Amino acid sequence: MAESRHVAVLGAGMHPWGKWGRSFVTYGLTAARAALDDAGLGWTDIELVSGADTIRNGYPGFVSGATFAQALGWSGCRVASSYAACASGAAAIANARAHILAGLVDVALVVGADTTPKGFFAPIGGERRDDPDWLRFHLLGATNPTYFALYARRRMALHSTTEQDLAAVKVKNSRHGAANPYARYRKAVSIEEVLASPMVADPLRLMEICATSDGGAALVLSSMDFARRHLEKLGGGHGAGSTHRSQSRPLAKIAAVSTVTPRYPSTVIEMPHFATDSAVTPIPRTAENRPDLPDHATEFRASIARAAYEEAGVAPEDVDIAEVYDLSSALELDWYEDIGLCEKGEAEHLLRSGYTAIGGRVPVNPSGGLSSFGEAIPAQAIAQVCEIVWQLRGEAAGRQVEGARVGVSANQGLFGHGSSVLLIR
Amino acid sequence: MPSSERAGRPAGHGEAHQRVAAVDGWFTLDGAGPALIGQRCKACKTFVFPPTASWCPNPLCADTEMEEVELSRRGSIWSFTNACYQPPAPYVAREPYEPFSIAAVELEAEQMVVLGQMVRGTRVEDLHVGDQVELVLDTLYEDTDREYLVWKWKPVGAEPAGGYGDRSGDRSGGSGPKKSSAGGNRMAERRRDG
Ligand SMILES: [Zn+2]
């Protein structure tokens, strides 16, 4: 992809994940101010604020862009708010990027933050018999871990994954997360500790299922032209002698954002549905349907990062680091295959060989992943990008992947929202 | 039915309860051979469950005429798990809470996977990917005068709980998940070919 389609990441900022019990707006505000400071920009320099919505915090959460804009102080800038379940953060990034690439704005602020209840995610209140998310709890008692566990058990049956493998994913991520000041869980755990934690949804144990957290993340994105002018101004000008830190580090750029939907028939049972599509009616394979791809690549999860690679003109072999949505330890193994690190069924081998740990060829979840953070839904996909930005700049103290030049994030939101962001330096 | 309606009224144990579906129109109430009710597109013949679509989901078909059909009563387990902890409302749990198993079941004729709880007393230790199951109706929850029914999956030829011991060995000539998972593999490949 030509550089004309790149978008610069001038700033990244986060509020630490945890259970802080405050308004989501306070986390978003902290993250936004940190990102602006990191970029060397003021709030009133921003031309668009793009919010990632939360549905558990009332009306202000549904109009998050305006909520954050008002909290920062009405400036008259453009506003957008995006909802795509777990992929909301990526949708907000895609929205800001599209504005920038279309030339509508030069610089945008992306913010996502959440305050979450304790325990299993329950559907939002009221009796809603036309909502599959309400019905799956009512008729089946199917929680989110139910679906994660169905994938995990299926994986174990097809690929001989062991309980030790599942626990080893958690062990790896806990080591990574221990060094991350923004992570909620910062203690390295052992295989024995993971296997001693209570079973929640067989074969997944408490320590292998991502918790729900409060947190906030933000990015300042700009056109490449704006970035060049801005960085020149920071370097020279009247601030000489107090050079901004962005002068001495590589510039991270977004080369692609994938926001794909599944292709019919989607034959993997997806949250919150009761059934898959039916595959009785063959869909003819056209050039568009990519007959050259292996069969599993037509499954939804595998299509997510592939769209980002194609848009960026980057091959999976070029990737140095990945942040994937490890809602469960088993799901991280599925992602290794789905983002093209290996063939189907080879993820356990990658894990066991240390390939995906810091120090290995392609560290996965150097941030510690959802395993160390717990999910703050609208902030999480933005946090994945923050981590990749810090890694590409060489600023990930204590968990730095040496020489990382290409990073990819991958995420799947409820109701068919694929998202993947590809960054280069 | 919201759980609040269960509270505050005297329990009516021992009285004859009216058996009603916990959700209208998703399954037949035929005690001997209940079936899930799905939909089939008149034009492209694809299936849908639950039967709440007023359009065909096939991207190459713009038809809106969906007819109701009964789905296969038997299928094979695509995957399974259990709920060790009580799910939040609107699930209405037994008191005290009893963990239950849940399965994703592949229907061969329809080439789709449908979720359902396993019948009460089914343990995950007794289940394998590829096992055959059949549809039954079972109690989801009760209030003072009604028993709310839902579909559940039951191992084919299942004996009462505790009697599963050597079933897999009898059936496949081998034993354990290895054998069954090969069945799961075959099913997945067949579906891709279609
Ligand atoms: Zn049709």
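The values are calculated or read from the model by the stated rules, or taken from the named source; none is laboratory data. Values in this document were obtained by computation on a predicted structure and should not be read as measured data. Cβ coordinates were reconstructed from backbone atoms using ideal geometry, including for glycine residues, and neighbour counts include every protein chain displayed. Ligands, DNA and RNA are stripped out before the accessible areas are found, and what is left, the full protein with its side chains, is counted by its heavy atoms. Shrake-Rupley method; radii C 1.70, N 1.55, O 1.52, S 1.80 Å.
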On the full set of protein chains, 1.4 Å probe, figure out the accessible area of B:ARG123 and give it in Å² to the nearest 10. 120 Å²
Checking buried surface per residue: for the range A:117-157, which residues lose a minimum of 50 Å² accessible area in the protein assembly relative to the chain alone (1.4 Å probe)? A:PHE120, A:HIS138, A:LEU139, A:LEU140, A:LEU150, A:ARG153, A:ARG154, A:ALA157
In Hz, Karplus ³J(HN,Hα) per residue of the range A:75-81 (6.51, -1.76, 1.60; θ = phi - 60°; x = Gly, Pro): 10, x, 6, 5, 9, 9, 9
Residue by residue through the range A:60-65, what is 3J(HN,Hα) from phi via Karplus (6.51 cos²θ - 1.76 cosθ + 1.60, θ = phi - 60°)? Round to whole Hz and write x for glycine and proline. x, x, 6, 10, 4, x
Points 7 angstrom from Cα along the Cβ direction at A:GLU317 and B:THR64: gap in nanometres? 5.1 nm
Mind grabbing the accessible area of A:ARG228 for me, 1.4 Å probe, Å², rounded to tens? 110 Å²
The range B:131-151 residues near the modelled B:ALA32 label - backbone nitrogen below 17 Å, point 7 Å along Cα→Cβ: B:135-137
Calc'd 3J(HN,Hα), the range B:32-49, phi into Karplus 6.51 cos²θ - 1.76 cosθ + 1.60 (θ = phi - 60°), Hz, glycine/Pro = x, comes to 7, x, x, 9, 6, 9, x, 10, 10, 6, 5, 7, 9, 6, 6, 9, 9, 9
Let a ≥ b ≥ c be the square roots of the eigenvalues of the Cα gyration tensor of the range A:195-273; is it rounded (a/c under 1.5), or, if not, prolate (a/b larger than b/c) or oblate? oblate
For chain A, what does the helix formula give at 222 nm: sum of -39500 (n - 2.57) over DSSP H segments with n ≥ 4, over the residue count, nearest 500 deg cm²/dmol? -10500 deg cm²/dmol
Simple spin-label estimate for A:LEU206 and B:GLN132 in nanometres, 7 Å along Cα-Cβ: 4.1 nm
Using a/c under 1.5 as the rounded threshold, could you call chain A rounded, prolate or oblate? The axes a ≥ b ≥ c are square roots of the C-alpha gyration tensor eigenvalues, and prolate needs a/b larger than b/c, oblate otherwise. rounded
Under a 1.4 Å probe, what is the accessible area of the range A:367-425 per residue, stated in Å²? 21 Å²
With +1 on the Cβ of every Lys and Arg and -1 on the Cβ of every Asp and Glu, and nothing else charged, how large is the dipole of chain A about its Cα centre, in debye rounded to the nearest 20? 860 debye
On the accessible surface of the range A:5-122, probed at 1.4 Å with all protein chains in place, carbon and sulfur together account for a percent value of 56 percent
Computed over the range B:44-86, protein heavy atoms only, probe 1.4 angstrom, the accessible area per residue in square angstrom equals 50 Å²
To the nearest 10 Å², what's B:TRP26's accessible area with a 1.4 Å probe? 10 Å²
Antiparallel bridge percentage (DSSP; both residues within chain A; nearest 5): 70 percent
May I ask you to give the solvent-accessible area per residue for the range A:35-142, in square angstrom, as obtained with a 1.4 angstrom probe? 36 Å²
So for B:TYR148, A:TYR182, what's the accessible-area order with a 1.4 Å probe, most first? A:TYR182, B:TYR148
Semi-axes of the range A:304-425 from the Cα gyration tensor (sqrt of 5 times each eigenvalue, largest first, whole Å) come to 18, 17, 16
Taking every residue of B:106-119, the Cβ atoms of other protein chains inside 10 Å of its Cβ average out to 5
Threshold 10 Å², the range A:198-224 residues less accessible with all protein chains present than alone (1.4 Å probe): A:PRO198, A:MET199, A:VAL200, A:ALA201, A:ASP202
Buried solvent-accessible surface, both chains (A, B), 1.4 Å probe, Å² to nearest 100: 4200 Å²
Angle, helix A:329-338 long axis vs. longest principal axis of chain A, Cα atoms, 0 to 90°, nearest 10? 70 degrees
Would you mind checking B:LYS42/B:LYS152; A:LYS344/B:LYS45; A:LYS19/A:LYS172; A:LYS344/B:LYS154 for any pair whose Cα atoms are more than 25 angstrom apart? B:LYS42/B:LYS152; A:LYS344/B:LYS45; A:LYS344/B:LYS154
Compute the acute angle (0 to 90°) between the alpha-carbon long axis of helix A:377-393 and the principal axis of greatest extent of the alpha-carbon atoms of chain A; round to the nearest 10°. 60 degrees
